[in-house]
Amino acid sequence: MILVTGGAGFIGSNFILDWLAAEGSPVVNLDKLTYAGNLHNLAALQNDARHIFAHGDIGDGELVGRLLREHRPRAIVHFAAESHVDRSIHGPADFIRTNIDGTFRLLEEARAYWGGLPSAEREAFRFLHVSTDEVYGSLEPDDPPFSETTAYAPNSPYSASKAASDHLVRAYHHTYGLPVLTTNCSNNYGAFQFPEKLIPLIILNALNGKPLPVYGDGLNIRDWLYVGDHCTAIREVLQRGRCGETYNIGGWNEKTNLDVIHTVCAILDELQPAATGQPYAALIGYVKDRPGHDRRYAIDARKIERELGWKPQETFDSGIRKTVRWYLDNAAWIHNVTSGAYRDWVSKQYGAEPGAVS
Ligand code: NAD
Ligand code: DAU
């Protein structure tokens with residue numbers, strides 16, 4: 001038994017599906033079901049007794065304590081977070097509450113539970129904290145990629161809140177001996193990603209004939225990792241990572257946003273050409289830049305490769321093709337997530353006219 005937080009979100013749901021296929025041991029999934037949480041992601045597990053869903057907040061100590069005592073997990077894999085940078089700019093409070101205070105309360109309950117375990121179980125217990133490369137800040141074009149010893153320099157309320165949570169996790173190891181592991185990963189893409197993030201937003205807007213909004217000059221660089229590869233990396237770290245260590249996870253796929261958008265458009269042109277006869281790239285438009293927009297992220301993933309033998313299996317070309325295909329094949333999922341709340345967000349972020357670009 002393991003306890004997963006945020007298992008109804010993008011990466012958490014991919015992780016639970018991957019875990020049950022690969023490991024098979026049961027999962028308790030604690031999720032608050034915010035706008036980003038979606039149990040349809042786990043529809044394949046509807047009749048699977050190995051998935052136990054608990055609706056609640058990681059900041060609810062009483063609930064977390066009860067789940068730990070009842071299910072006696074051998075590990076906590078902590079995904080739950082507010083995860084979208086643009087939302088953190090519009091309203092940072094939820095990010096402070098969940099990412100910092102929520103992680104603190106989860107750590108407190110984990111410490112109490114772990115402290116009361118018999119010694120063999122205590123020895124085996126792990127708290128794996130899923131974090132981001134954004135805690136390291138922004139790179140110049142010629143800087144080496146982020147390593148595990150790069151100094152923290154978060155620039156958005158989101159990345160600052162994740163950095164704070166990383167520090168708390170580290171402190172619980174050094175102060176109380178809690179057996180923690182931290183992973184810092186680059187941009188994920190794949191099935192079940194909520195269409196506020198770049199790749200699914202571009203796919204959906206293109207299919208709907210809406211403008212494809214590029215922030216600033218479109219030359220910001222991100223490192224892209226297929227979500228299935230991230231899930232495998234987390235399993236490896238959980239099983240064989242050294243307590244107290246952090247592991248950077250990345251895809252060795254540095255791309256400008258314009259490169260990514262043009263790639264998605266070209267795949268759509270091939271798989272589902274627009275009824276207008278125009279290439280989808282004709283919809284590209286430039287919009288106001290994100291405030292404090294980090295220019296470049298890149299990950300040095302040699303430590304996890306050296307110590308745990310993990311390497312990504314997907315290239316960007318193979319992963320992005322699978323991803324576009326998944327969105328084309330899952331119209332019902334898209335319909336379900338593009339609710340009124342989604343439309344309100346699009347209008348808040350991109351202007352009164354949903355999808356309008358300057
Ligand atoms: P997501 O926004 O898709 O999902 C977050 C999930 O957490 C949702 O199911 C939501 O309902 C749940 N949640 C939010 N607040 C909660 C609370 N207080 N209590 C319980 N559940 C709550 O996020 P994601 O993209 O799947 O990211 C998962 C984790 O991975 C996050 O910690 C994020 O910082 C990290 N991460 C994401 C990426 C990426 O590219 N998406 C990259 C590196 C790291
Ligand atoms: O690096 C890991 C991080 O990647 C995770 O920690 C975050 O949870 C995840 O959201 C992601 O953050 P980004 O800000 O990099 O992802 P996003 O998809 O929001 O944006 C990717 C890039 O595309 C970024 O440079 C901003 C740009 N962008 C984004 C949107 C939504 C656009 O140009 N237009 C858009 O409409």
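Restricting attention to the stretch 16-30, which residues are touching a Lys or Arg at 6+ places or on another chain (Cβ under 8 Å) and buried (at least 24 other Cβ atoms within 10 Å of the Cβ)?
Passing the criteria: only Val27.
In the stretch 273-295, how many residues are within 16 Å of ligand 1 (Cβ to nearest atom) and either hydroxyl-bearing (Ser, Thr, Tyr) or touching a Lys or Arg at 6+ places or on another chain (Cβ under 8 Å) (or both)?
0
Please enumerate the residues belonging to the stretch 242-275 that are within 14 Å of Leu219 (Cα to Cα) and either part of a loop (DSSP other than H, G, I, E, B) or free of Cβ contacts under 8 Å to residues at least 12 places away in the same chain (or both).
Once the filter is applied, which keeps residues that are within 14 Å of Leu219 (Cα to Cα) and either part of a loop (DSSP other than H, G, I, E, B) or free of Cβ contacts under 8 Å to residues at least 12 places away in the same chain (or both), the stretch 242-275 yields only Asp259.
Pull out all pairs, ordered by first then second residue, where Cβ-Cβ is under 7 Å, the residues are six or more apart or on different chains, the first lies in the stretch 276-297 and is closer than 30 Å to Gly137 by Cα, and the second is of a type in the set (Lys, Arg).
Tyr297/Arg222
State yes or no: is Leu33 farther than 22 Å from Thr183 by Cα and either surrounded by fewer than 19 Cβ atoms within 10 Å (Cβ to Cβ) or within 16 Å of ligand 2 (Cβ to nearest atom) (or both)?
Yes, satisfied.
When residues of the stretch 129-156 are filtered for being more than 12 Å from ligand 2 (Cβ to nearest atom) and either basic (Lys, Arg) or under 17 Å from Ile100 (Cβ atoms) (or both), how many remain?
Counting residues in the stretch 129-156 that are more than 12 Å from ligand 2 (Cβ to nearest atom) and either basic (Lys, Arg) or under 17 Å from Ile100 (Cβ atoms) (or both) gives 2.
Return yes when Phe104 is within 16 Å of ligand 1 (Cβ to nearest atom), among the aromatic types (Phe, Trp, Tyr), farther than 13 Å from Asn29 by Cα and in contact with a helix residue (DSSP H, G or I) (Cβ under 8 Å, 6 or more places away or on another chain) and no when it is not.
Taking the combined requirement at face value, the residue satisfies it.
Residues that are over 20 Å from the mean Cα position of the chain (by Cα) and more than 24 Å from Ile16 (Cβ to Cβ): which helices (runs of 4 or more DSSP H) entirely in the stretch 72-189 hold 2 or more of them?
103-115, 119-124, 157-176
Give the stretch 276-296 a look and list any residue that's in a strand (DSSP E or B) and touching a Phe, Trp or Tyr at 6+ places or on another chain (Cβ under 9 Å), or say none.
Scanning the stretch 276-296 gives Tyr286, Val287.
Take the stretch 34-46 and flag every residue that is in contact with a helix residue (DSSP H, G or I) (Cβ under 7 Å, 6 or more places away or on another chain), in a loop (DSSP other than H, G, I, E, B) and either without any contact (Cβ under 8 Å) to a residue 60 or more places away in the chain or of a type in the set (S, T, N, Q) (or both).
Of everything in the stretch 34-46, just one residue is in contact with a helix residue (DSSP H, G or I) (Cβ under 7 Å, 6 or more places away or on another chain), in a loop (DSSP other than H, G, I, E, B) and either without any contact (Cβ under 8 Å) to a residue 60 or more places away in the chain or of a type in the set (S, T, N, Q) (or both), namely Asn38.
Mind checking whether some residue in the stretch 46-58 is within 14 Å of ligand 1 (Cβ to nearest atom), among the charged types (D, E, K, R) and surrounded by 14 or more Cβ atoms within 10 Å (Cβ to Cβ)?
Yes, the stretch 46-58 contains a residue that is within 14 Å of ligand 1 (Cβ to nearest atom), among the charged types (D, E, K, R) and surrounded by 14 or more Cβ atoms within 10 Å (Cβ to Cβ).
What's the number of the condition Gly209 fails, among (1) more than 9 Å from ligand 2 (Cβ to nearest atom); (2) in a strand (DSSP E or B)?
All conditions are met except number (2).
Quick check on my filter: what residues within the stretch 2-28 are more than 8 Å from ligand 1 (Cβ to nearest atom) and either of a type in the set (Val, Ile, Thr) or on the phi > 0 side of the Ramachandran plot (or both)?
Ile2, Val4, Ile16, Gly24, Val27, Val28
Yes/no per residue for (1) modelled with pLDDT of 95 or more; (2) surrounded by fewer than 19 Cβ atoms within 10 Å (Cβ to Cβ); (3) within 16 Å of ligand 1 (Cβ to nearest atom):
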site: Glu121; (1), (2), (3): yes, yes, no
site: His167; (1), (2), (3): yes, yes, yes
site: Gly177; (1), (2), (3): yes, yes, no
site: Pro195; (1), (2), (3): yes, no, yes
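For Asp31, state whether it is touching a helix residue (DSSP H, G or I) at 6+ places or on another chain (Cβ under 9 Å), within 9 Å of ligand 1 (Cβ to nearest atom), touching a residue at least 24 places away in the same chain (Cβ under 8 Å) and not aromatic (Phe, Trp, Tyr).
yes
Filter the stretch 300-318 down to the residues that are within 21 Å of the chain's Cα centre (by Cα) and in a loop (DSSP other than H, G, I, E, B) and list them by number.
Scanning the stretch 300-318 gives Asp300, Ala301, Trp310, Lys311, Pro312, Gln313, Glu314, Thr315.
The values are calculated or read from the model by the stated rules, or taken from the named source; none is laboratory data. Quantities reported herein were computed from a predicted structural model and do not represent experimental measurements. Glycine gets a Cβ as well: all are built from the backbone with ideal geometry, and neighbour counts include every protein chain shown.
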